[in-house]
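Student: Starting off with a structure, shown below.
Laboratory data are not the source of any read-out in this text; all were calculated from the coordinates shown. This structure is a prediction, so every number in the text was calculated from the model and none was measured. Here Cβ is always computed from backbone atoms with ideal geometry, including for glycine, and neighbour counts include all displayed protein chains.
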Amino acid sequence: MKFSFDPKRSLILVKAEIYGPSGSTVVSLALDTGASVTSINQSRLIQLGYDPVGNPRRFQIVTASGTEFVARSKINKLVSLGIERRSFPVLFHNLPPSSRLDGLLGLDFLRGKKLVIDLKNGEIDVT
């Protein structure tokens, strides 16, 4: 399947739909092949009925700004780029407000798929 993005932007932005106990919502995620795991803005996950406090175990992550400890929980379903993952673990991690992103779509979401990113024409091909 092919998807378009704006090759003039500094990030590759993709839409994703997240499903939770309280419904679903569409979010904007940066496709991040440098991120080993997918992370979603904590407030978005709370809106969908997920509880980061209910999972006291924290995972250490290394970001561009340093090391942080964040909650990790399985969400009911995440759909993006024609891929659907059920009972998919994501990190509760807030990006800086200035980023205007809802999170990062990491390599864990893309495992087992062939991903071709055409930066010249602004196309992503997923098979």
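Student: Describe numerically, in nm with one decimal, the distance between label points set 7 Å from Cα along Cα→Cβ at Lys8 and at Thr25.
Tutor: 3.0 nm
Student: Counting each DSSP H run of 4 or more residues in the chain as -39500 (n - 2.57), what helix-only mean residue ellipticity at 222 nm follows after dividing by all residues, to the nearest 500 deg cm²/dmol? Could you put the intermediate results ahead of the total?
Tutor: Numbers: 2 runs with 10 residues, N = 127.
So the helix-based figure for the chain works out to -1500 deg cm²/dmol.
Student: With each label point set 7 Å from Cα along the Cα-Cβ vector, what nm distance links Asp118 and Thr63?
Tutor: 3.4 nm
Student: Over the chain, what is the mean sequence separation of C-alpha contacts under 8 Å (at least six apart), divided by residue count, expressed as relative contact order in percent?
Tutor: Details: 266 pairs, mean separation 42.1, N = 127.
Result for the chain is 33 percent.
Student: Amide H of Phe5: which non-local residues (sequence gap of 5 or more, or other chain) have their own amide H closer than 5 Å, using H built in the peptide plane?
Tutor: Glu123, Ile124
Student: Could you give the length gained on full extension between Val53 and Arg111, defined as 0.36 nm per residue of separation minus the Cα-Cα distance, in nm? Mind showing how you got there, number by number?
Tutor: Values: separation 58, 0.36 × 58 = 20.88 nm, distance 2.85 nm.
This chain segment gains 18.0 nm when fully extended.
Student: What number results when the radius of gyration of the stretch 27-127, computed over Cα atoms, is divided by 2.2 N^0.38 Å? Mind dumping the intermediate values first?
Tutor: Values: Rg = 13.9 Å, N = 101, 2.2 N^0.38 = 12.7 Å.
Ratio of Cα Rg to 2.2 N^0.38 Å: 1.10.
Student: Another one. List the residues whose amide H sits under 5 Å from the amide H of Asn94, counting only those 5 or more places along or on another chain, with H placed 1.01 Å from N in the peptide plane.
Tutor: For Asn94, the qualifying residues are Gln42.
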